[in-house]
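Participant: The structure's right below; bear with me while I get my questions together.
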Amino acid sequence: MPVRTALTDMLHLSCPVIQAPMAGGGDTAELVAAVSNAGGLGSIGAAYLTPAQILERASAVRALTTRPFGINLFAPTPSARTGAQQIEAAIEYIVPYYRELGLAEPQPPTSASIGFDDQLSACLETDAALFSFTFGSLSHDTVERIRSQGKLVAGTATTVREAEALAATGVDVIMAQGSEAGGHRGTFASEFESAMVGVMALVPQIAETVPIPVIASGGIMNGRGIAAALALGACGAALGTAFLACPEAGVSEAYKKAIFSATEDETRITRAFSGRPARGIVNRMIRDYASVPEKILPFPLQNSLTRPLRNGASSQGRTEFLSLWSGQGVRMARRIPAAELVARLESELIAAIDALSALRH
Ligand SMILES: Cc1cc2nc3c(=O)[nH]c(=O)nc-3n(C[C@H](O)[C@H](O)[C@H](O)COP(=O)(O)O)c2cc1C
């Protein structure tokens, strides 16, 4: 018998599993569609895509599946003031890395963004069933506009206070992001350090406080983890790192190798790559910047400053300059196709629930 939850009912899934959105190339149309075809929910991380690219990616997914899928953006964040001197110092610090890779000198970074409103309009033109976002909250009117297009809306919370703020704007679902999670912290209403709450503590406190369904994410890699999330009061789990390890994921082979050789104590939160705290596998760039935090510009300037370096490093297979986003469950990553991963997650989930029930005999 399949496992039925509020999530599987809302989105007509056969398994309460979401492939977490992963902006930056990880979540290819092939990965998203494979997860959706297997009965989970694939998601497009559209934060770095232009409106035209959003429409293109969504049609590429639609060409591969008739099943529901999700789409995700970064909520607009207030831009920090940065002085010319600070920018100059940040460029000066990064120049040797550019030279080491034989790249052209770094250009002054820009905070120009693609424009949330245009991205959102493109997302609304797609037939994604779930619209999710991170880094902030949206106005009640914006949430209503998305819902009026027949989409469910999910906001990301790393504390109970954030979950309450999101629920007050009318979102349908809370994505509870524990401190184990790979990639950027969604924190928007606290100091990020105090919002490093693990899934075990975060999910039940949100589930008991807000009256809407909660999805757990962070360090969940197998069916046992999903069963634990359900026991904590979630209606499903969103997995990022687990799906990044699949052959369909669009990250370089060097990145995947780093995932397969990393252990749970080898990830760390860093601002080095983008200016926003994010969890990745420790490498030279993270170690170097740890001792010079004043050389890191705020998001999105640091992201813009390091982008050509990361692209160059990726094509040269130099993982010491790559943002190797990964969660703390990294040791449990499996190199299997996404459809097989969803099937295994489902059978492991059922086995874990049965094993717990058997404890009563
Ligand atoms: C490579 C990567 C990129 C990510 N990009 C996004 C994103 O664009 N939007 C978002 O809401 N979350 C993003 N996340 C966070 C995930 O949604 C999720 O919280 C996280 O992957 C869960 O932890 P796990 O990796 O341990 O499964 C990203 C995570 C990773 C690993």
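The values are calculated or read from the model by the stated rules, or taken from the named source; none is laboratory data. Only a predicted model underlies this, so the values are computations on that prediction, with no experimental measurement involved. Please note: Cβ atoms are built from the backbone with ideal geometry, for glycine as well, and neighbour counts cover all protein chains shown. These area figures cover heavy atoms from the full protein model, side chains too; ligands, DNA and RNA do not enter into them. Shrake-Rupley method; radii C 1.70, N 1.55, O 1.52, S 1.80 Å.
Participant: Would you call Arg276 within 30 Å of Leu152 (Cβ to Cβ) and in contact with a Phe, Trp or Tyr (Cβ under 8 Å, 6 or more places away or on another chain)? Walk me through how you get there before you give the answer.
Facilitator: Details: within 30 Å of Leu152 (Cβ to Cβ): yes; in contact with a Phe, Trp or Tyr (Cβ under 8 Å, 6 or more places away or on another chain): yes.
Here the answer is yes, as Arg276 does meet what is asked.
Participant: Scan region 107-115 and tell me whether some residue there is crowded, with 19+ Cβ neighbours inside 10 Å, modelled with pLDDT under 95 and more than 16 Å from the ligand (Cβ to nearest atom).
Facilitator: At the first step, the residues of region 107-115 found to be crowded, with 19+ Cβ neighbours inside 10 Å are 109.
Narrowing further to those that are modelled with pLDDT under 95: 109.
From what's left, more than 16 Å from the ligand (Cβ to nearest atom): 109.
Scanning region 107-115 turns up at least one residue that is crowded, with 19+ Cβ neighbours inside 10 Å, modelled with pLDDT under 95 and more than 16 Å from the ligand (Cβ to nearest atom).
Participant: In addition: Take region 136-146 and flag every residue that is open to solvent by less than 10 Å² (accessible area, probe 1.4 Å) and of a type outside the set (A, V, I, L, M). It would help to see each step written out before you state the result.
Facilitator: Let us first name the residues in region 136-146 that are open to solvent by less than 10 Å² (accessible area, probe 1.4 Å), namely 136, 143, 146.
Gly136, the sole residue that qualifies.
Participant: Follow-up question, since we're still on this one. I'm trying to understand the selection: among the residues of region 50-75, which are under 28 Å from Thr110 (Cα atoms) and touching a Gly at 6+ places or on another chain (Cβ under 7 Å)?
Facilitator: First, pick out the residues of region 50-75 that are under 28 Å from Thr110 (Cα atoms): 50-58, 71-75.
Across region 50-75, the qualifying residues are Asn72, Ala75.
Participant: Please work out if Gly39 is open to solvent by less than 10 Å² (accessible area, probe 1.4 Å) and touching a residue at least 40 places away in the same chain (Cβ under 8 Å). Before you say what the answer is, go through the steps one by one.
Facilitator: Working: open to solvent by less than 10 Å² (accessible area, probe 1.4 Å): yes; touching a residue at least 40 places away in the same chain (Cβ under 8 Å): yes.
Yes, satisfied.
Participant: Among the candidates Ile336, Ile296, which residue alone is away from the ligand (no atom under 14 Å from the Cβ), of a type in the set (Val, Ile, Thr), touching a Pro at 6+ places or on another chain (Cβ under 9 Å) and open to solvent by 10 Å² or more (accessible area, probe 1.4 Å)? Can you show your working first?
Facilitator: Values: Ile296 fails: touching a Pro at 6+ places or on another chain (Cβ under 9 Å).
Just a single option satisfies the conditions, and that option is Ile336.
Participant: Kindly indicate whether Arg57 is part of a loop (DSSP other than H, G, I, E, B) and among the basic types (Lys, Arg). Don't jump to the end; show me each part of the working.
Facilitator: Working: part of a loop (DSSP other than H, G, I, E, B): no; among the basic types (Lys, Arg): yes.
Here the answer is no, as Arg57 does not meet what is asked.
Participant: With Ser304, Ser252, Ser274 as the choices, which residue is at pLDDT below 95, within 15 Å of the ligand (Cβ to nearest atom) and open to solvent by less than 40 Å² (accessible area, probe 1.4 Å)?
Facilitator: Values: Ser304 fails: within 15 Å of the ligand (Cβ to nearest atom); Ser274 fails: at pLDDT below 95.
After applying the criteria, what remains is Ser252.
Participant: Further, regarding this structure: If we keep just the residues of region 16-36 that are out of contact with any Pro (no Cβ under 7 Å at 6 or more places or on another chain) and polar (S, T, N, Q), which is surrounded by the fewest Cβ atoms within 10 Å (Cβ to Cβ)?
Facilitator: This residue is Thr28.
Residue-wise test of (1) part of a loop (DSSP other than H, G, I, E, B); (2) away from the ligand (no atom under 16 Å from the Cβ); (3) open to solvent by 40 Å² or more (accessible area, probe 1.4 Å); (4) among the hydroxyl-bearing types (Ser, Thr, Tyr).
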{"position": "Ser14", "(1), (2), (3), (4)": "yes, yes, yes, yes"}
{"position": "Ala47", "(1), (2), (3), (4)": "yes, no, no, no"}
{"position": "Arg62", "(1), (2), (3), (4)": "no, yes, yes, no"}
{"position": "Ala80", "(1), (2), (3), (4)": "yes, yes, yes, no"}
{"position": "Ile91", "(1), (2), (3), (4)": "no, yes, no, no"}
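Participant: I'd like the residue in region 168-197 that is among the β-branched types (Val, Ile, Thr) and either more than 16 Å from the ligand (Cβ to nearest atom) or outside any strand (DSSP E or B) (or both) and, out of all such residues, is surrounded by the fewest Cβ atoms within 10 Å (Cβ to Cβ). Steps first, answer last, please.
Facilitator: Quick first cut of region 168-197, residues among the β-branched types (Val, Ile, Thr) only: 169, 171, 173-174, 187, 197.
Checking which are either more than 16 Å from the ligand (Cβ to nearest atom) or outside any strand (DSSP E or B) (or both) leaves us with 169, 171, 187, 197.
Values: Thr169: 16, Val171: 28, Thr187: 25, Val197: 22.
My answer is Thr169.
Participant: Does region 149-167 hold any residues that are within 13 Å of the ligand (Cβ to nearest atom) and part of a loop (DSSP other than H, G, I, E, B), and which are they?
Facilitator: If the condition is that a residue be within 13 Å of the ligand (Cβ to nearest atom) and part of a loop (DSSP other than H, G, I, E, B), then Thr158 is the only one that fits.
Participant: What's the total number of residues in region 93-106 that are open to solvent by 70 Å² or more (accessible area, probe 1.4 Å), of a type outside the set (A, V, I, L, M) and either touching a residue at least 12 places away in the same chain (Cβ under 8 Å) or not in a loop (DSSP other than H, G, I, E, B) (or both)? Please lay out each step first, then the result.
Facilitator: Residues of region 93-106 open to solvent by 70 Å² or more (accessible area, probe 1.4 Å): 96, 99-100, 104-105.
If we keep only those that are of a type outside the set (A, V, I, L, M) too, we end up with 96, 99-100, 105.
Imposing the further condition that a residue be either touching a residue at least 12 places away in the same chain (Cβ under 8 Å) or not in a loop (DSSP other than H, G, I, E, B) (or both) reduces the set to 96, 99-100.
So the answer is 3.
Participant: Further question on the same structure: Given the criteria within 16 Å of the ligand (Cβ to nearest atom) and open to solvent by less than 50 Å² (accessible area, probe 1.4 Å), does Gln119 qualify?
Facilitator: Values: within 16 Å of the ligand (Cβ to nearest atom): yes; open to solvent by less than 50 Å² (accessible area, probe 1.4 Å): yes.
In short, yes.
Participant: What do you reckon, is Ala52 more than 13 Å from the ligand (Cβ to nearest atom), over 21 Å from Gly136 (Cβ atoms), in contact (Cβ under 8 Å) with a residue 60 or more places away in the chain and open to solvent by less than 50 Å² (accessible area, probe 1.4 Å)?
Facilitator: no
Participant: Can you give me the number of residues within region 64-78 that are part of a loop (DSSP other than H, G, I, E, B) and either exposed (fewer than 15 other Cβ atoms within 10 Å of the Cβ) or of a type in the set (Gly, Ala, Ser) (or both)?
Facilitator: Summing the residues that are part of a loop (DSSP other than H, G, I, E, B) and either exposed (fewer than 15 other Cβ atoms within 10 Å of the Cβ) or of a type in the set (Gly, Ala, Ser) (or both) in region 64-78 gives 3.
Participant: Picking from Arg62, Arg81, Arg4, Arg67, which residue would you name as being touching a His at 6+ places or on another chain (Cβ under 9 Å) and of a type in the set (Lys, Arg)? Give the derivation first.
Facilitator: On the way: Arg62 fails: touching a His at 6+ places or on another chain (Cβ under 9 Å); Arg81 fails: touching a His at 6+ places or on another chain (Cβ under 9 Å); Arg4 fails: touching a His at 6+ places or on another chain (Cβ under 9 Å).
Selected residue: Arg67, the only one of Arg62, Arg81, Arg4, Arg67 that is touching a His at 6+ places or on another chain (Cβ under 9 Å) and of a type in the set (Lys, Arg).
Participant: Pull out all pairs, ordered by first then second residue, where Cβ-Cβ is under 8 Å, the residues are six or more apart or on different chains, the first lies in region 14-28 and is farther than 23 Å from Ala228 by Cα, and the second is surrounded by fewer than 24 Cβ atoms within 10 Å (Cβ to Cβ) and hydroxyl-bearing (Ser, Thr, Tyr).
Facilitator: Close Cβ pairs (under 8 Å, with a partner that is surrounded by fewer than 24 Cβ atoms within 10 Å (Cβ to Cβ) and hydroxyl-bearing (Ser, Thr, Tyr)) amount to Ala23/Tyr48; Gly24/Tyr48.
Participant: Say whether the condition of being within 14 Å of the ligand (Cβ to nearest atom), aliphatic (A, V, I, L, M) and part of a loop (DSSP other than H, G, I, E, B) is met by at least one residue in region 198-216.
Facilitator: no
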